[in-house]
């Protein structure tokens, strides 16, 4: 596939997302990304924002998110030079859709945690001694609904995780923590297997002592 053929497709059908263009040309995403970003005839418009993730699994302990591949497939629009107005309109529409997806996922995460707490016998204690924090793509208005396999089960989920961090008081009852953990896990399983949702909750429970130690950044953990 040559750049001339790619510009021909964009001329007929653009603007397209990176994913839409991949479907039409059949190239690997990163190969197509290189061709598009180095061509003087192709407009490349990136949506949303980038943020730094701390990750102990990578060299240097940090990586940019979204990845180049995900950014190209989901958050990049492509068209021919000279058609900026068409590209800007598609960018406005696509950005609005990304924001709608992010808002829906934030609401689902919040409602799920509210249901978890309300159904606990010691709901009042949890309200007073635990803080539920949303994190990840959904908080940056960068959520998507591109189907992907969930790591542990292989089941397809709809895009971005619902990332949640639960911080508890240092004297939080260990038995209550276990009950809270089990209840959230049951909700996680329900949202994962339910055809109406197919969403993945990714959560951590930690106490304030752990948070205090982590925010000193003495070690990467």
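Residue 78 meets all of the listed conditions (1) more than 17 Å from residue 136 (Cα to Cα); (2) without any contact (Cβ under 8 Å) to a residue 40 or more places away in the chain but one, namely (2). Residues in segment 102-112 include none that are surrounded by fewer than 15 Cβ atoms within 10 Å (Cβ to Cβ) and in contact with a helix residue (DSSP H, G or I) (Cβ under 6 Å, 6 or more places away or on another chain).
A search for C-beta distances below 7 Å between a residue of segment 205-219 that is closer than 18 Å to residue 130 by Cα and any residue that is in a helix (DSSP H, G or I) and at pLDDT 90 or above, counting only pairs 6+ apart in sequence or on different chains, returns 205/177; 205/180; 205/181. Scanning segment 203-221 for residues that are modelled with pLDDT of 95 or more and surrounded by 15 or more Cβ atoms within 10 Å (Cβ to Cβ) turns up 203, 205, 207, 208.
Taking only segment 37-60 into account, find how many residues are closer than 29 Å to residue 16 by Cβ and assigned to a helix (DSSP H, G or I). Here the count works out to 2. Is it the case that segment 61-75 has a residue that's closer than 19 Å to residue 20 by Cβ, outside any helix (DSSP H, G or I) and modelled with pLDDT of 95 or more? Taking every residue of segment 61-75 in turn, none turns out to be closer than 19 Å to residue 20 by Cβ, outside any helix (DSSP H, G or I) and modelled with pLDDT of 95 or more. Restricting segment 124-138 to residues that are at pLDDT 95 or above and part of a strand (DSSP E or B), the residue that is nearest to residue 171 (Cα to Cα) is 130.
The values are calculated or read from the model by the stated rules, or taken from the named source; none is laboratory data. Computed from a predicted model, the values in this text were never measured in an experiment. Positions of Cβ are backbone-derived with ideal geometry, glycine not excepted, and every protein chain shown enters the neighbour counts.
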